[in-house]
Amino acid sequence: MDFQPTEEQRDLRAGVRDLLAGRYGREALRASVDSGVCVDRGLWRELGGAGFFALRLPESEGGVGLGLAEAVIVFEEAGRALLPGPLVATHLAAGVVPGAASGTAVVTAFDLGGGLVSYLGEADAVLGAPGLPAGSPVRSADPLTPLHRVPAGADVSSYTAEGAVLTAALQVGSALRTLELAVRYAGEREQFGQPIGAFQAVKHLCAQMLVRAEVARTAVYAAAVASASGEGSAAGSSEIAAAKLLADEAAVANARDCLQVHGGMGFTWEADVHLHLKRAWVRAEQWRTATEAEELLAAELLGSAP
Amino acid sequence: MDLAYTQEEQEFRARLRAWLGKVLPELPARPSPDDWPGRRAYDLGWQRRLYEAGYAGLHWPVDAGGRGATPTQHLIFLEETERAGAPYVGANFVGLLHAGPTIAAEGTARQRARWLPPVLRGEEVWCQGFSEPDAGSDLASLRTRAVRDGDAYVITGSKIWTSHAEVADWCELLVRTDAEAPKHRGISWLAMPMDAPGVTVRPLRTLAGSTEFAEVFLDEVRVPVANRVGAENDGWRVTMVTLSFERGTAFVGEVVACRRTLGELARTAKANGRWDDAVLRRRLGRLYGEFGALWRLTQWNVSESERSGGVPGIGGSVFKLAYSHARQELYEVAAQVLGPLSLSLEEEWTLDRLSSLSYTIAAGTSQIQRNIVAERILGLPKGR
Ligand SMILES: Cc1cc2nc3c(=O)[nH]c(=O)nc-3n(C[C@H](O)[C@H](O)[C@H](O)COP(=O)(O)OP(=O)(O)OC[C@H]3O[C@@H](n4cnc5c(N)ncnc54)[C@H](O)[C@@H]3O)c2cc1C
């Protein structure tokens with residue numbers, strides 16, 4: 001057992017981080033918020049070219065041939081950059097929907113409950129559905145996740161486990177990013193003649209953010225590695241449920257704590273933290289909610305052990 | 001990132017499992033917390049059996065009496081023994097899990113030869129004399145004084161909350177050897193025999209009703225200078241090594257035990273009808289997920305220390321923070337499963353609930369762990 005990233009995995013992370021810093025840094029993020037253009041087709045194709053969507057397709061099918069662990073690392077970086085668009089659905093559609101693998105198609109999925117679907121207006125296809133359904137737009141809490149109400153969805157249950165673990169990876173990236181933002185602000189902002197980060201009340205908020213993010217991060221990595229190595233499908237899916245549960249909580253709670261550390265500035269449209277919080281809310285409703293995850297874990301717990 | 005065990009590790013697991021399957025059924029129950037001498041004998045007996053079967057000091061260096069196994073094998077050992085419900089390390093906690101590893105890392109060849117084999121063979125029990133009435137979280141402000149007299153230190157002062165002091169043979173003791181130096185600089189780490197003249201142990205009753213810890217009074221106790229581990233006045237650095245073992249590895253096996261308890265809780269709840277309460281059921285499900293994640297965090301930390309080959313990092317504080325709170329939550333849920341029976345001290349989970357209250361205090365409080373995480377991992381400024 002060597003549960004540490006390999007050299008290749010570290011390089012992969014660094015590569016994706018560089019790519020996203022160059023192509024979707026803070027200015028690009030704010031520009032998309034201002035313009036309301038969530039899915040930049042050019043960037044989508046670039047991501048496709050870099051193997052973002054075809055990462056797990058076998059090389060014989062034109063993919064990169066990597067596994068869920070690598071995908072999780074890549075998605076963590078996308079979460080950190082707050083990259084918008086139906087990333088998970090398009091990734092899952094690679095090899096299924098033409099153009100998904102290369103990033104020439106934008107594919108969404110019925111991964112939200114309540115008759116809502118995200119990015120319908122931007123999408124070329126919906127995972128598992130024959131065509132694009134008609135929907136009526138709903139004003140979305142997250143400025144970069146447009147929502148539509150649709151009458152009925154297509155079944156995505158065969159994708160739920162992978163969708164959940166990849167979404168959890170996005171959440172972890174966001175949780176680590178809001179931790180970074182909080183720590184930076186706490187070190188710079190001065191009140192009472194010293195950086196606010198010297199005050200224990202602030203320090204402890206930050207420490208707790210790290211604990212949440214680290215526990216969630218290992219849970220997500222382990223879920224990816226364990227389910228790829230087929231450690232028993234039930235164990236795999238309960239591990240994924242736990243990963244999603246903990247990652248959702250880490251992303252939402254870290255964004256809230258980050259907002260608190262930023263004080264009044266945190267409540268402004270100007271600060272990025274609300275964007276992280278709102279996206280974390282969206283993702284918490286996707287693929288597997290906390291209630292579903294807890295019920296699945298409870299059932300597994302009861303059935304486990306003698 | 002690889003969670004698969006090697007062929008060798010799997011064989012090790014299988015052998016251990018078979019051995020546990022053979023020896024555990026014939027083992028009597030551990031004596032009650034009122035009977036510390038009984039517990040000492042029981043815990044040492046179990047340690048002796050482990051030693052004889054070749055399972056003691058697995059990951060300790062060979063020249064420290066250990067078997068030089070990988071940390072992963074040690075992890076498998078912890079996982080399998082807890083899973084099988086083998087006895088808790090009990091009175092051997094300090095010796096095996098932090099005094100021993102500290103001596104293995106910092107002691108001289110002579111010190112290792114003197115103190116480590118008896119720990120592994122289940123012959124000697126250690127306790128930890130760090131805290132003092134006025135030096136708990138602010139450990140470096142300790143005042144117990146050691147004055148050099150020839151080849152001995154003469155020690156005067158007192159220690160408190162010393163677990164297992166009543167039944168211990170040795171104490172890892174922190175003393176002030178230089179009263180003039182800044183507080184972190186004048187401390188030394190000593191091995192003190194508990195039967196030395198001038199040592200008085202006065203048991204303290206815990207809120208759980210037991211006497212697992214005590215006050216220790218030291219009145220001109222003579223301890224050979226040769227019993228000092230590390231250089232004189234360099235004891236704070238040695239203490240950091242001890243604390244990193246204590247926070248980083250000492251609670252690892254318990255995570256598995258908590259998962260076992262969760263399974264028992266679920267079955268009890270099913271039998272008494274409380275499983276139908278969705279809020280309770282989901283709390284159990286969540287905890288199952290959390291303890292699973294904590295086990296993975298442990299594997300992560302072990303892999304990390306295996307790569308860097310040494311003392312566990314300050315990541316141990318992250319683990320300790322998450323674990324101590326999850327453990328308390330576990331027994332809060334246990335009380336819900338028990339209902340009014342949770343008021344009965346005859347229920348094991350009631351005692352566990354009481355003792356879980358110490359987890360956010362002992363081995364450094366949660367507040368202190370958060371300070372460590374914030375200042376040393378996140379780099380936030382020290383408060384004035
Ligand atoms: C069951 C048990 C077993 C123990 N066994 C041993 C043992 O074997 N050997 C040994 O040496 N010690 C032992 N201890 C002692 C333990 O290490 C101390 O209790 C612990 O370090 C806290 O110190 P204290 O009790 O003096 O609390 P204090 O330091 O007085 O703290 C009281 C409260 O104030 C908070 N506080 C203190 N300083 C700060 C700060 N800077 N910032 C924020 N909050 C702060 C604490 O978090 C706590 O909530 C044991 C304790 C328990 C409960």
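Calculated over chain A, the projected area of the Cα convex hull averaged across directions stands at 17.1 nm².
Using C-alpha pairs under 8 Å with a sequence gap of at least 6, the mean separation divided by the residue count of chain B gives a relative contact order of 13 percent. Per-residue shielding of A:193-202, expressed as the average number of other chain Cβ atoms within 10 Å of the residue Cβ, stands at 4. FRET efficiency for residue B:270 and residue B:202, Cβ-Cβ distance as r, R0 = 56 Å, nearest 0.05? In this case the efficiency is close to 0.75. When chain A is described by a simple charge dipole with +1 on each Lys and Arg Cβ and -1 on each Asp and Glu Cβ, the residue from A:269, A:42, A:98 located farthest towards its positive end is A:269. So, with a 1.4 angstrom probe, what is the percent of accessible area on the protein assembly as shown that is carbon and sulfur? Exposed carbon and sulfur together represent 53 percent of the surface. Over the range A:7-154, the fraction of Cα-Cα pairs per 10 Å bin, rounded to whole percents and listed from the shortest bin up, is 12, 40, 35, 12, 1. The Cα-based radius of gyration of the range B:248-378, divided by its Kirkwood radius, gives an Rg/Rh of 1.03.
Each other residue within a Cβ distance under 14 Å of residue A:63 adds +1 if Lys or Arg and -1 if Asp or Glu, for a net charge of -2. Restricting to Cα atoms and excluding each atom paired with itself, what does the Kirkwood estimate give for the range B:301-384 in Å? It works out to 14.9 Å. Within the listed set B:214, B:135, B:334, the Gaussian network model of chain B (springs between alpha-carbon atoms below 10 Å) gives the highest mean-square fluctuation for B:135. Using the structure shown, list the pairs from A:203/A:244; B:270/B:320; A:203/B:320 with a Cα-Cα distance above 22 Å, or answer none. Correct reply: A:203/A:244; B:270/B:320.
Overall size of the range B:1-101 from C-alpha positions, given as principal axis extents largest first: 46, 30, 26 Å.
Give the angle, between 0 and 90 degrees and rounded to the nearest 10, that separates the Cα long axis of helix B:71-83 from the longest principal axis of the Cα atoms of chain B. The helix B:71-83 is inclined about 50 degrees to chain B.
Remark on the protein assembly as shown: ratio of C-alpha radius of gyration to 2.2 N^0.38 Å is 1.04. Straight-line cross-link partners of residue B:183 among the lysines, defined as a Cα under 19 Å from its Cα and at least 8 positions apart when in the same chain: B:159, B:382. Restricting the GluC sites (Glu not before Pro) of the range B:322-384 to loop positions (DSSP other than H, G, I, E, B) with no more than 11 neighbouring Cβ atoms within 10 Å leaves B:346. Beyond 25 Å, the tail of the calculated P(r) for the range A:158-304 holds 33 percent of the Cα pairs.
With all projection directions averaged, the alpha carbon convex hull of the range B:96-208 covers 8.2 nm². Measuring how big chain B is from its alpha-carbon positions, Rg and Dmax come out at 21.1, 71 Å. Length, then width, then depth: along the principal axes, the Cα atoms of the range A:1-68 run 47, 28, 15 Å.
Against the main long axis of the alpha-carbon atoms of chain B, helix B:109-120 sits at an angle near 30°. Free of any chymotrypsin sites (Phe, Trp or Tyr not before Pro) that DSSP assigns to a loop and that have at most 11 other C-beta atoms within 10 Å, the longest stretch within chain A is A:1-191. Over the residues of chain B, the helix contribution to mean residue ellipticity at 222 nm works out to -15000 deg cm²/dmol, using -39500 (n - 2.57) for each DSSP H run of at least 4. Lys and Arg at +1, Asp and Glu at -1: add these up for the other residues within a Cβ distance under 9 Å of residue A:223 and post the number. Taking every other residue near residue A:223 into account, the sum is +1. Calculated mean residue ellipticity at 222 nm for chain A: -19000 deg cm²/dmol, from DSSP H runs with n ≥ 4 weighted as -39500 (n - 2.57), summed, divided by the residue count and rounded to 500. Among the GluC sites (Glu not before Pro) found in the range A:232-306, those both in a DSSP coil and sparsely packed, with 15 or fewer other Cβ atoms within 10 Å of their Cβ, are A:270.
The residues packed around residue B:63, meaning those with a beta-carbon under 15 Å from its beta-carbon, carry a net charge of +3 if Lys and Arg are +1 and Asp and Glu are -1.
Restricting the range B:164-236 to GluC sites (Glu not before Pro) that sit in a DSSP loop and have at most 11 other Cβ atoms within 10 Å of their own Cβ leaves B:180.
The values are calculated or read from the model by the stated rules, or taken from the named source; none is laboratory data. A quick note: this is a predicted structure, and the numbers were derived from the prediction, not measured. Note that each Cβ is placed from the backbone with ideal geometry, even for glycine, and that neighbours are counted across all protein chains shown. Just so you know, the surface numbers come from the protein's heavy atoms only, side chains and all, with ligands and any DNA or RNA stripped out. Shrake-Rupley method; radii C 1.70, N 1.55, O 1.52, S 1.80 Å.
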